[in-house]
Amino acid sequence: MQAAFRGLVAGIAAGFSLAVSAAAQQTHVVRLIVNPSKDEYRFEPAALTVHPNDLVVFRVASGAPHSVVFERAGLSADVRGAFNAVMAGRSAELSSPLLTATGDEYRMVVPRVPAGSYSFYCLPHRAYDMRGSLKVE
Ligand SMILES: [Cu+2]
């Protein structure tokens with residue numbers, strides 16, 4: 001009886017926290033596009049407004065390989081640490097692994113960082129100015 005009651009309470013608590021996080025987290029998809037015949041090297045959308053705990057999915061649409069590298073300049077050690085912590089399989093500080101095939105995805109949860117704009121670029125296409133920004137609110 002007591003065990004059943006505890007189970008019920010735990011179930012309600014788990015359901016409540018699931019509902020809260022599901023409602024709070026938004027998913028944003030950014031497509032990585034290259035079309036040399038049109039001189040196109042871009043993230044689409046290039047500017048994204050997000051909140052901490054949102055999920056950002058970078059998806060290769062064409063022109064692999066790509067990567068997502070946040071600009072280090074101007075970031076405090078704490079902020080760099082917060083980004084590094086949410087970037088799985090990093091190839092370097094603030095750098096995603098290489099995304100080598102169409103359809104590849106890189107997923108990151110927006111860290112708790114001060115509101116502001118955080119710029120990133122694609123390392124293989126840096127010379128082509130393939131870049132974007134996350135505006136964290
Ligand atoms: Cu690229």
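Only the coordinates and a few stated rules stand behind these numbers; no lab work does. Here the structure is a predicted model, which means the values were calculated and not measured. Here Cβ is always computed from backbone atoms with ideal geometry, including for glycine, and neighbour counts include all displayed protein chains.
Here are the numbers:
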quantity: Surrounding net charge for L94, when Lys and Arg each add one and Asp and Glu each subtract one, Cβ distance under 15 Å; calculated: +2
quantity: Bridge type composition, segment 26-136 - antiparallel percent by DSSP, nearest 5; calculated: 70 percent
quantity: Expected-Rg normalisation [2.2 N^0.38 Å, Cα atoms] applied to segment 26-136; calculated: 0.99
